[in-house]
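Please read the structure below before turning to the comments.
Here, each number is a calculation from the coordinates, and none is a lab measurement. All values reported here derive from a predicted model rather than from experimental measurement. Backbone-built Cβ (ideal geometry, glycine too); neighbour counts: all protein chains shown.
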Amino acid sequence: MQEEKLMKWLDNTLLTLAIIGCVNWGLIGFFRFDLVSFIFGDMTWISRIIYALVGLSGVYMLTFYGRIRSNMID
């Protein structure tokens, strides 16, 4: 039970980070506006951490494909 709660929290947190990254890329693509750089500065240590976390969350989201597939098989 505790492990399920932790996985659900991790999934929701990293999905939220991935969505933030998607929104930021949409803003860059449509308006040439980088929200992360605007808020935290251009390549400051905090903005680099945010970019790294968003990137890692995107990689983690790849595991969703395996879970979706295993749920379809069950």
(request) Would you be able to say whether some residue in segment 39-47 is among the β-branched types (V, I, T), within 30 Å of K8 (Cβ to Cβ) and assigned to a helix (DSSP H, G or I)? (result) yes
(message) Looking only at segment 40-73, count every residue that is in contact with a Leu (Cβ under 8 Å, 6 or more places away or on another chain) and polar (S, T, N, Q) and tell me the total.
(response) 1
